[in-house]
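Chemist: Encoded as structure tokens, here's the structure I'll be asking about.
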Amino acid sequence: GGKSWKLTAVSMGNPHAVLFVDDVDGFPLEMLGPLFERHPVFPRRVNFHVVQVISPAEVKMRTWERGSGITLACGTGACSVCVAGVLTGRTGTRILAHLPGGDLELEWASRDASVFMTGPATEVFSGEWPEA
């Protein structure tokens, strides 16, 4: 979009790019999400997250998921935000992430360990596939 951005790239087995902003709600995710997803620096596309740090233990985030667009939640994305927060010195190793679909607790206990996520699982859709 003609502007330079400083992103933190993280792999959770799938690619994520995290952008820390001052106002997550005011960020034009609908317009810029597709540009980040398909930027040439990400040849296989990327999940893109905008994050507002509320405190070292709390963040608010929104997600543009590759191939899907804006989503209410993204588990691997929330984990990548936890890691990006630690790597950039913005958060501690335990955070509460507020996503449009609900809150998640995350912990990255050490740099050689897994990220742990705790939160509710809620059915948001059910349907039937018609026989052809």
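The values are calculated or read from the model by the stated rules, or taken from the named source; none is laboratory data. Because the structure is a prediction, the values reported are computed rather than measured. A quick note on method: Cβ atoms are made from the backbone with ideal geometry, for glycine too, and the neighbour counts reach across all protein chains shown. We work out accessible area using only protein heavy atoms, side chains counted, and drop any ligands, DNA or RNA first. Shrake-Rupley method; radii C 1.70, N 1.55, O 1.52, S 1.80 Å.
Chemist: Counting pairs of alpha carbon atoms under 8 Å apart in space and at least six apart in sequence, what relative contact order in percent does the range 61-132 give?
Modeler: Contact order relative to length: 23 percent.
Chemist: So which chymotrypsin sites (Phe, Trp or Tyr not before Pro) in the range 96-132 are both in a DSSP loop and have at most 12 other Cβ atoms within 10 Å of their Cβ?
Modeler: Phe125
Chemist: Taking the chain as a Gaussian network, where each spring joins two C-alpha atoms under 10 Å apart, which residue of His98, His16, His49 fluctuates the most?
Modeler: Checking each option, the largest mean-square fluctuation is seen for His98.
Chemist: While we're on this one: Just to be sure I understand, if you calculate volume of the Cα convex hull per residue in Å³ for this structure, which of (i) 140; (ii) 150; (iii) 109 do you get?
Modeler: (i)
Chemist: Let me ask you something else. I need to check one value: relative contact order of the chain, counting alpha carbon pairs closer than 8 Å and at least 6 residues apart, in percent.
Modeler: With pairs under 8 Å counted, the relative contact order is 18 percent.
Chemist: If you don't mind, another one. For the chain, what is the accessible area per residue in Å², given a 1.4 Å probe and the full set of protein chains?
Modeler: I get 61 Å² per residue for the chain.
Chemist: Separate question: For the range 63-132, run through the trypsin sites (Lys or Arg not before Pro) and keep only the ones in DSSP coil with at most 11 other Cβ atoms within 10 Å of their Cβ.
Modeler: Qualifying residues, ordered by number: Arg111.
Chemist: To the nearest 500 deg cm²/dmol, what mean residue ellipticity at 222 nm is calculated for the chain from DSSP H runs of n ≥ 4 alone, each contributing -39,500 (n - 2.57), summed and divided by the residues?
Modeler: The helix contribution divided over the chain gives -5000 deg cm²/dmol.
Chemist: In a GNM of the chain with a 10 Å cut-off on Cα contacts, which of Met61, Met31, Met117 has the highest mean-square fluctuation?
Modeler: Largest GNM mean-square fluctuation: Met31.
Chemist: Hey, if you put +1 on the Cβ of every Lys and Arg and -1 on every Asp and Glu Cβ in the chain, which of Val53, Pro43, Met12 ends up farthest toward the positive end of that dipole?
Modeler: Toward the positive end, the furthest listed residue is Pro43.
Chemist: Leaving ligands, DNA and RNA out of it, report the carbon-plus-sulfur percent of the accessible area of the chain at a 1.4 Å probe.
Modeler: So the carbon and sulfur contribution to the accessible surface is 53 percent.
Chemist: Just for the range 1-90, what percent of DSSP beta bridges are antiparallel, to the closest 5?
Modeler: Just about 75 percent of them are antiparallel.
Chemist: Next up: Scan the chain and report its longest stretch carrying no GluC sites (Glu not before Pro) that are both in a DSSP loop and have at most 13 other Cβ atoms within 10 Å.
Modeler: 1-122
Chemist: Sort all Cα-Cα distances of the range 1-62 into consecutive 5 angstrom bins from zero, then give the percent of pairs in each bin up to the one containing the longest distance.
Modeler: Each 5 Å bin holds this share of Cα pairs: 4, 17, 28, 26, 15, 7, 2.
Chemist: I've got another one for you. About its Cα centre, how strong a charge dipole does the chain have in debye, to the nearest 20, once Lys and Arg get +1 and Asp and Glu get -1 at the Cβ?
Modeler: Magnitude of the dipole: close to 680 debye.
Chemist: What is the sum of charges, Lys and Arg at +1 and Asp and Glu at -1, for the other residues whose Cβ falls under 13 Å from the Cβ of Gly75?
Modeler: Once all neighbours under 13 Å are counted, the net charge is -3.
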